[in-house]
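Worksheet: the structure to be examined is printed underneath.
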Amino acid sequence: MQALRFHEFGSFDKLKLETLPDPHPGPGELVVRIRATSLNPSDAKNVLGRMEGATLPRTPGRDFAGVVLHGPANTIGGEVWGTGGDIGFTRDGAHAELLVVPIAGVCPKPKSLSFEEASAVGTNFVTAWIGLIEIAHFQSGEIALVTGAGGGVGSAVTQIAKWKGGRTIGVDRLPIAQQSRTEYGIDHFLVSDPNLNFKNMLDGAMQFTSARGVNVVFDCVGGPLFEPCLRTLGQLGRQVNITSVGDRRVSFDLPDFYHRRLSLFGVDSRAYDAVACAAILEQLTAGFESGALKPIPIVKRFTLGEAVQAFRQVNDGSLRGKAVFTFA
């Protein structure tokens, strides 16, 4: 089979397309013939050596959709999708023609999604579900404010919040077209403006909530937005953080934090392996089948032979949407 490989960290030039023996499943495993696999910023950081715990040599790629080639008789030929914090980091990933995963590490692909669309769901929606539903316990009728709302995880969060009966405030540094706001389930949109010390974000959130503050903040930016996000929360508000752009260190008013009885949560989807992620994808399936959830738009398709170019474009943020590797 053909597979992307890297034997050392450091640059995307380390990625090579290699011919490897076809893998065979061990006990409790199956082999998926990959039909499409997407690229995430974490895949790029992995090659650059910026993701802890990755082992070498390695085939990268977390998110995938394909057809079961080898495994239990009742699984062969099944159309499946999957992702995992171990895939591409401590076990070989999906940027290859064939992938070995635990039997419980895949679940049936939603019939409403193509292979390409299904491959663009994994990391973004799993991270969104973990933070919003499992950690922050978002409830119907609540309001969520989401920074980086035009990005992969951010737009997944707003969609899930709407699906679960909530209202949403989307925040991004760039305007989002009205059509995209509707598709992403954004009820109220705000542009984050550092020149105004993000006062516009606080004022907009308070106006939308009649000065009560939001119930949940899902901060996909961190850094300079961390403290302004905390200030938008109402009593017993919960904030989820998944990254920090720019400055890794942040500060906030501690008495204000405990007087409002706020909660702060950190989420790292890398802690969820393929089996744990498959269980989450199974819960998301109904949302995709009903049309309430939509995958992130695919803006560019690559072959494995174009991997260096693909990884560079994902890493520099020049693609506003998902990039996927496709297979015949």
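The values are calculated or read from the model by the stated rules, or taken from the named source; none is laboratory data. Remember, predicted model here, so these are calculated numbers, not experimental data. Here Cβ is always computed from backbone atoms with ideal geometry, including for glycine, and neighbour counts include all displayed protein chains. Ligands, DNA and RNA are stripped out before the accessible areas are found, and what is left, the full protein with its side chains, is counted by its heavy atoms. Shrake-Rupley method; radii C 1.70, N 1.55, O 1.52, S 1.80 Å.
Every residue in segment 259-271 that is outside any helix (DSSP H, G or I), out of contact with any helix residue (DSSP H, G or I) (no Cβ under 7 Å at 6 or more places or on another chain) and under 21 Å from Thr243 (Cα atoms), please. I'd like the intermediate steps shown before the answer.
Of all residues in segment 259-271, those outside any helix (DSSP H, G or I) come to 260-268.
Right, trim to out of contact with any helix residue (DSSP H, G or I) (no Cβ under 7 Å at 6 or more places or on another chain) and you get 260-261, 263-264, 266, 268.
Those that are outside any helix (DSSP H, G or I), out of contact with any helix residue (DSSP H, G or I) (no Cβ under 7 Å at 6 or more places or on another chain) and under 21 Å from Thr243 (Cα atoms): Ser263, Leu264, Gly266, Asp268.
Pick out the one residue from Gly88, Gly84, Gly105 that is buried (at least 24 other Cβ atoms within 10 Å of the Cβ) and under 20 Å from Leu15 (Cβ atoms). Write out each step before concluding.
Values: Gly84 fails: under 20 Å from Leu15 (Cβ atoms); Gly105 fails: under 20 Å from Leu15 (Cβ atoms).
Of the residues listed, the single one that is buried (at least 24 other Cβ atoms within 10 Å of the Cβ) and under 20 Å from Leu15 (Cβ atoms) is Gly88.
Residues being at pLDDT 95 or above, open to solvent by 30 Å² or more (accessible area, probe 1.4 Å) and within 24 Å of the chain's Cα centre (by Cα): count how many of those fall in segment 52-79.
The total comes to 4.
Where in segment 146-232 are the helices (runs of 4 or more DSSP H), entirely inside, with at least 3 residues that are under 24 Å from Pro41 (Cα atoms)? Break it down into steps so the answer makes sense when it comes.
Working: elements: 152-163, 178-184, 199-208, 226-231.
Per the criteria, 152-163, 178-184.
Hey, could you check segment 155-187 for residues that are among the aliphatic types (A, V, I, L, M) and modelled with pLDDT of 95 or more and say which is nearest to Val245 (Cα to Cα)?
Pass one, segment 155-187, residues among the aliphatic types (A, V, I, L, M): 156-157, 160-161, 169, 171, 174, 176-177, 186.
When the remaining residues are screened for being modelled with pLDDT of 95 or more, the result is 156-157, 160-161, 169, 171, 186.
Details: Ala156: 19, Val157: 19, Ile160: 24, Ala161: 24, Ile169: 20, Val171: 15, Ile186: 23 Å.
For segment 155-187, the residue satisfying everything is Val171.
Are any residues in segment 234-255 surrounded by fewer than 12 Cβ atoms within 10 Å (Cβ to Cβ) and either touching a strand residue (DSSP E or B) at 6+ places or on another chain (Cβ under 7 Å) or farther than 21 Å from Leu132 by Cα (or both), and if so, which ones?
Gly246, Asp247, Arg248, Arg249, Ser251, Leu254, Pro255 - these are the residues of segment 234-255 that are surrounded by fewer than 12 Cβ atoms within 10 Å (Cβ to Cβ) and either touching a strand residue (DSSP E or B) at 6+ places or on another chain (Cβ under 7 Å) or farther than 21 Å from Leu132 by Cα (or both).
Keeping to segment 287-301, report how many residues are open to solvent by 60 Å² or more (accessible area, probe 1.4 Å) and part of a helix (DSSP H, G or I).
So the count comes out to 2.
Tell me yes or no: at least one residue of segment 281-288 is among the aliphatic types (A, V, I, L, M), in contact with a Leu (Cβ under 7 Å, 6 or more places away or on another chain) and more than 26 Å from Val31 (Cβ to Cβ).
We begin by selecting, within segment 281-288, every residue among the aliphatic types (A, V, I, L, M); these are 281, 284, 286.
The next check asks that each one be in contact with a Leu (Cβ under 7 Å, 6 or more places away or on another chain); those that pass are 284.
Then keep just the ones that are more than 26 Å from Val31 (Cβ to Cβ); that gives none.
The answer is no, given that none of the residues of segment 281-288 is among the aliphatic types (A, V, I, L, M), in contact with a Leu (Cβ under 7 Å, 6 or more places away or on another chain) and more than 26 Å from Val31 (Cβ to Cβ).
Of all residues in segment 256-278 being of a type in the set (A, V, I, L, M, F, W, C) and open to solvent by 50 Å² or more (accessible area, probe 1.4 Å), which is nearest to the chain's Cα centre (by Cα)?
Among residues in segment 256-278 that are of a type in the set (A, V, I, L, M, F, W, C) and open to solvent by 50 Å² or more (accessible area, probe 1.4 Å), the one nearest to the chain's Cα centre (by Cα) is Ala271.
What are the residue pairs meeting all of these: first residue in segment 233-256, first residue under 24 Å from Arg173 (Cβ atoms) and free of Cβ contacts under 8 Å to residues at least 24 places away in the same chain, second residue among the β-branched types (Val, Ile, Thr) and surrounded by fewer than 21 Cβ atoms within 10 Å (Cβ to Cβ), Cβ atoms under 9 Å, and 6 or more apart or on different chains?
These pairs meet every condition: Ser244/Val250.
For segment 1-56, how many residues are in contact with a Ser or Thr (Cβ under 8 Å, 6 or more places away or on another chain) and of a type in the set (Asp, Glu)?
0
Does Asn200 satisfy the condition of being out of contact with any Asp or Glu (no Cβ under 7 Å at 6 or more places or on another chain) and surrounded by fewer than 17 Cβ atoms within 10 Å (Cβ to Cβ)? Lay out the reasoning, then the answer.
Numbers: out of contact with any Asp or Glu (no Cβ under 7 Å at 6 or more places or on another chain): no; surrounded by fewer than 17 Cβ atoms within 10 Å (Cβ to Cβ): yes.
No: the conditions fail for Asn200.
Limited to segment 281-328, what total is found for residues that are of a type in the set (Asp, Glu) and closer than 13 Å to Glu117 by Cα? Spell out the reasoning first.
Of the residues in segment 281-328, the ones of a type in the set (Asp, Glu) are 282, 289, 306, 316.
Next, from what is left, pick out any that are closer than 13 Å to Glu117 by Cα: 289.
The qualifying residues number 1.
Has segment 95-109 got at least one residue that is touching a helix residue (DSSP H, G or I) at 6+ places or on another chain (Cβ under 8 Å), assigned to a loop (DSSP other than H, G, I, E, B) and within 18 Å of Asn46 (Cβ to Cβ)?
Scanning segment 95-109 turns up at least one residue that is touching a helix residue (DSSP H, G or I) at 6+ places or on another chain (Cβ under 8 Å), assigned to a loop (DSSP other than H, G, I, E, B) and within 18 Å of Asn46 (Cβ to Cβ).
Any residue in segment 1-30 that's in a loop (DSSP other than H, G, I, E, B): show its pairings with residues that are open to solvent by 80 Å² or more (accessible area, probe 1.4 Å) and among the acidic types (Asp, Glu) at Cβ separation under 7 Å, as long as the two are six or more apart or on different chains.
These pairs meet every condition: Met1/Asp22.
Within the bounds of segment 37-46, is there any residue that is of a type in the set (S, T, N, Q), more than 25 Å from Thr127 (Cα to Cα) and either assigned to a loop (DSSP other than H, G, I, E, B) or without any contact (Cβ under 8 Å) to a residue 40 or more places away in the chain (or both)? So that I can check it myself, show each step before the final result.
As a first pass, look at segment 37-46 and keep what is of a type in the set (S, T, N, Q): 37-38, 40, 42, 46.
Okay, now just the ones that are also more than 25 Å from Thr127 (Cα to Cα), so none.
No, segment 37-46 contains no residue that is of a type in the set (S, T, N, Q), more than 25 Å from Thr127 (Cα to Cα) and either assigned to a loop (DSSP other than H, G, I, E, B) or without any contact (Cβ under 8 Å) to a residue 40 or more places away in the chain (or both).
Any idea how many residues of segment 108-132 are farther than 24 Å from Leu264 by Cα and open to solvent by less than 10 Å² (accessible area, probe 1.4 Å)?
The number of residues fulfilling the criteria is 6.
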